Amino acid sequence: MSAEPSQVPDADVNVREESLPCYQCGICSGSCPAARLESTFNPRRMVVNSNLGKTKIPANNKSIWLCAGCFCCSHNCPNDVKVAEIVAELRVEAAEVGNLPLVIDEKKCIGCANCEYACPEDAIKVDPGTMVSKVDPSLCRSCGTCAVECPVFAISYANFDDSQYENMIMKTLEGLPEGDPKIIAFTCNWCGHTGAESSMAPHPNVGAVNMLCTGRIDPLFIYKAFHAGADGVLIAGCAPGRCFYKWNNKKAESRTKRIKRNLEELGIEPERMRIDLVEVNNGAVFSDSFDSFTEELKKLGGKK
Amino acid sequence: MIIVETKKIEELAESLAGKKKVLIVGCNGCVGIHQQGGERQAEELAELFKLDKVLKNVDTTVTSILRQCDKSIVKDALTDLAAEADAILAMACGAGVQVVAESFDIPALPAHNTSFIGVQERESETFYERCVACGNCILHLTGGICPVTRCPKSHMNGPCGGLYNGKCETDKNRDCAWILIYNRLKALGELDRLKTIMEPKDFSKKTHPRSQEA
């Protein structure tokens, strides 16, 4: 399974020169899906800093790897600043000092190539010499599906590692009111989140955990959510064929099938788990889905 | 590689009845590579135990080792952990489970049913059997396609009369092994091979249990 390469921002630019026309309107940051996910990722600031000659990304600044190369910043810039390209160049410099989008534990890696098969960007590959996976930081878009595929937990992400997500799940669950069935909605930052967000307010029993991609949803997160008291789990992802990361919504769908089978074996109704793959602006679908899901969970009653 | 299938939780609960502390051991060999019994699958199983009515009372410890069919690896990695447990749930193939079982004084129980030696088709996420370990390989004569495994009747000289449109009478989606062999030999320019009638297989090589000098 080899991926067609995506359009990757060209890193070979002079950041100082490219940043000259910027008048700091901030449209780049405002339109950035990664900035919505993590406020420390700020394209405008990166352009300004480039202009001031501060191109060195501190080793502890991991959020630069959240840029997925969607080009929203560049397309929206009124002065045609190549923001995505500037970020790409800064990423090259970050990688040079060992700041990487993900860390592969070489002692743990068994060279099974499941990450390689799963990667929609051809960014991670097993080195035939060492039989250990290696990531190409210029191609990685941090979707996270490789970490879920790894059978030995050898891959850990610089942004949003497993424990961070688990904390988010627990916190979200704690915030849900008693009474109505508690639903955890894993929402994809590209489509599902926008759609689900707009339908969230009238549904206080639904708590969203925003994921960079549905491919990052680990079955363990779902089991842990159920164990911690969730009555239902919903995955909100991009419509079929529209996944930003090519096939990750399909991957999430096939994982969902397996999870449902396991739940059924445990005597937990598989209807407690749902996956909605919907167009980005179709919030109404989520609103209806939240309603019907809540109704269904009410009928099922508490988990046995 | 060895392909396995995880047992139903219900069956695992039965085999673990009365056990309080269970060591779940993943195997990062064949079953790990195929995402059926590696460290992640061991963690997932422990998490599923927590959701089960009966098994949630079992105290689980999860670990995984490079491969369970190697006694020295098993002993090195598991001796301390096994001393603390009532039973070991081994997520390896049948061979691995037996190595774990003979290494310690506590019961070692299989988490899987061992299915076959096979390959995985990534696109369809399906495993296919490719070798029955007959002990008498004839792949050099059949264009690299094994009729012993892929023909339900293990015909040495095929195809048989059950052939229909290149498919097998046992399953209309299953390719006839001998049609595959014919097409492959044709492509290799080795169709002459089919003129030689193959002798019946030497089944003495498949008597159990087998052993051989390294």
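The values are calculated or read from the model by the stated rules, or taken from the named source; none is laboratory data. Here the structure is a predicted model, which is why all the values come from computation and not from measurement. Heads up, the Cβs are rebuilt from the backbone with ideal geometry, glycines too, and the neighbour counts pull from every protein chain shown.
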Out of (1) closer than 13 Å to A:Met273 by Cα; (2) more than 14 Å from every other protein chain (Cβ to nearest Cβ); (3) surrounded by fewer than 22 Cβ atoms within 10 Å (Cβ to Cβ), what's the single condition that is false for A:Ile184? (3)
Sort through A:Ala225, A:Ala236 and tell me the only one that's in contact (Cβ under 8 Å) with a residue 12 or more places away in the chain, within 12 Å of chain B (Cβ to nearest Cβ) and under 26 Å from A:Gly283 (Cβ atoms). A:Ala225
Residues to consider are B:Ser124, B:Ser64, B:Ser72; find the one that is part of a loop (DSSP other than H, G, I, E, B), at negative phi, not charged (D, E, K, R) and not assigned by TED's automatic domain parsing to the domain that holds B:Ile179. B:Ser124
Tally of residues being surrounded by fewer than 21 Cβ atoms within 10 Å (Cβ to Cβ) and more than 8 Å from chain A (Cβ to nearest Cβ) across the stretch B:31-54: 2
Which residues, counting only those in the stretch A:263-297, are farther than 15 Å from A:Met200 by Cβ, assigned to a helix (DSSP H, G or I) and in contact (Cβ under 8 Å) with a residue 24 or more places away in the chain? A:Leu263, A:Glu271, A:Arg272, A:Glu296, A:Leu297
Residues of the stretch B:65-104 being out of contact with any helix residue (DSSP H, G or I) (no Cβ under 8 Å at 6 or more places or on another chain) and within 14 Å of another protein chain (Cβ to nearest Cβ), which ones? B:Ile73, B:Ala77
Check whether at least one residue in the stretch A:253-273 is more than 14 Å from chain B (Cβ to nearest Cβ) and charged (D, E, K, R), and report yes or no. yes
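Kindly indicate whether B:Gly18 is at the interface with chain A (Cβ under 9 Å from one of its Cβ atoms) and either surrounded by 20 or more Cβ atoms within 10 Å (Cβ to Cβ) or not β-branched (Val, Ile, Thr) (or both).
No, not satisfied.
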Quick one: in the stretch A:104-151, of everything that is polar (S, T, N, Q) and surrounded by fewer than 20 Cβ atoms within 10 Å (Cβ to Cβ), which residue is nearest to A:Gln7 (Cα to Cα)? A:Ser138
Could you say whether any residue in the stretch A:100-122 is away from chain B (no Cβ under 14 Å), without any contact (Cβ under 8 Å) to a residue 12 or more places away in the chain and not aromatic (Phe, Trp, Tyr)? no
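Here are B:Leu188, B:Leu163, B:Leu139: which of them is over 24 Å from the mean Cα position of the chain (by Cα) and either surrounded by 12 or more Cβ atoms within 10 Å (Cβ to Cβ) or closer than 30 Å to A:Ala118 by Cβ (or both)?
The conditions single out B:Leu163.
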B:Asn28, sole failed condition from (1) more than 9 Å from chain A (Cβ to nearest Cβ); (2) more than 15 Å from B:Ser115 (Cα to Cα): (1)
Write out, first by first residue and then by second, each pair whose Cβ atoms fall under 9 Å of each other, whose residues are 6+ apart or on separate chains, and whose first residue, in the stretch B:28-45, is of a type in the set (S, T, N, Q) while the second is part of a helix (DSSP H, G or I). B:Asn28/B:Glu39; B:Gln35/A:Asn114; B:Gln35/A:Glu149; B:Gln35/B:Gln41; B:Gln36/B:Cys30; B:Gln41/B:Val31; B:Gln41/B:Gly32
